[in-house]
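Novice: Structure incoming, see below.
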Amino acid sequence: SNPDFRAVVNVREGQEAAVSLGFPLLVRPHFSCGGWGAGLAYNLEEYPLLLEEAMRESITGEVLVEEALIGWRKYIALTLRDGEGRSRVAGIIEQAEPLPRHDQDAVLAYPSISLGEEEAYGLGELAKEVAEALGIVGLAEIKLAVEPGWKEVYIIDVNPFPWRNFP
């Protein structure tokens, strides 16, 4: 599953999203370079300014308001899938700092520093299912968030064209 979210295009919809989702919230423009306009609101006092900034920075005017996964662990599963549907997990990278730290601003560890064999296998199988469901061929990054205690696992991003070069 994914974090609960709402796509909004105006302040009224943004306020409704905040009431519906509760705090803390992650607020992000539809598209931005380098994370401009994104922020974390812990309460209703911080939220309006973040929402307005995200709307200004969004090239489409649309903003994503989503539940903040504070304290969750983030993993990046690298999948390889061929045109005949065969797939492998090339590796699982762990973000050393918990969310909401962004992976481009964090220390990434390979091999993973906290996954046991069973957890790594489960995340790898989930990543392969995602790549298959999306029909991805080639290398892909499947980013996963894991709640403390492993109660929930969310798919938080899929990049079928990774920009990084991993050894």
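The values are calculated or read from the model by the stated rules, or taken from the named source; none is laboratory data. Every value quoted in this text rests on a predicted model; they were computed, and no experiment measured them. Methodologically, a virtual Cβ is constructed for each residue, glycine included, from the backbone with ideal geometry; neighbour enumeration extends over all protein chains shown. Surface areas here come from the heavy atoms of the whole protein model, side chains and all, with no ligands, DNA or RNA. Shrake-Rupley method; radii C 1.70, N 1.55, O 1.52, S 1.80 Å.
Novice: Counting just the residues of segment 136-152 that are in contact with a Pro (Cβ under 7 Å, 6 or more places away or on another chain) and crowded, with 19+ Cβ neighbours inside 10 Å, which one comes out nearest to ASP4 (Cα to Cα)?
Specialist: Among those that are in contact with a Pro (Cβ under 7 Å, 6 or more places away or on another chain) and crowded, with 19+ Cβ neighbours inside 10 Å, it is GLU141.
Novice: Still on this structure: Among the residues of segment 48-62, is any of a type outside the set (A, V, I, L, M, F, W, C), at pLDDT below 95, more than 16 Å from the chain's Cα centre (by Cα) and under 27 Å from LYS151 (Cβ atoms)?
Specialist: The answer is no, given that none of the residues of segment 48-62 is of a type outside the set (A, V, I, L, M, F, W, C), at pLDDT below 95, more than 16 Å from the chain's Cα centre (by Cα) and under 27 Å from LYS151 (Cβ atoms).
Novice: If only one of GLU117, GLU94, GLU66, GLU129 is in contact (Cβ under 8 Å) with a residue 60 or more places away in the chain and under 17 Å from VAL153 (Cβ atoms), which one is it?
Specialist: On the way: GLU117 fails: in contact (Cβ under 8 Å) with a residue 60 or more places away in the chain; GLU94 fails: in contact (Cβ under 8 Å) with a residue 60 or more places away in the chain; GLU129 fails: in contact (Cβ under 8 Å) with a residue 60 or more places away in the chain.
Among GLU117, GLU94, GLU66, GLU129, only GLU66 is in contact (Cβ under 8 Å) with a residue 60 or more places away in the chain and under 17 Å from VAL153 (Cβ atoms).
Novice: Let me ask something else about it. Taking segment 36-47 as the search range and keeping residues that are at pLDDT below 90 and part of a loop (DSSP other than H, G, I, E, B), which one is surrounded by the most Cβ atoms within 10 Å (Cβ to Cβ)?
Specialist: GLY37
Novice: Oh, and also: Being acidic (Asp, Glu), modelled with pLDDT under 85 and either over 19 Å from ILE70 (Cα atoms) or open to solvent by 90 Å² or more (accessible area, probe 1.4 Å) (or both) is the filter here; which residues of segment 91-122 pass it? Talk me through it step by step, then tell me what you get.
Specialist: Here is the first cut: in segment 91-122, the residues acidic (Asp, Glu) are 94, 97, 103, 105, 117-119.
Among the residues that remain, those that are also modelled with pLDDT under 85 are: 97, 103, 105.
Scanning segment 91-122 gives a single hit, ASP105.
Novice: Name the residue that is surrounded by the most Cβ atoms within 10 Å (Cβ to Cβ), counting only residues in segment 58-90 that are more than 24 Å from ARG12 (Cα to Cα) and small (Gly, Ala, Ser).
Specialist: Top of the filtered list is ALA77.
Novice: Mind counting the residues in segment 119-143 that are within 18 Å of LEU99 (Cα to Cα) and out of contact with any helix residue (DSSP H, G or I) (no Cβ under 6 Å at 6 or more places or on another chain)? Step through it out loud before you land on a result.
Specialist: Pass one, segment 119-143, residues within 18 Å of LEU99 (Cα to Cα): 123, 141-143.
When the remaining residues are screened for being out of contact with any helix residue (DSSP H, G or I) (no Cβ under 6 Å at 6 or more places or on another chain), the result is 123, 141, 143.
Selection size over segment 119-143: 3.
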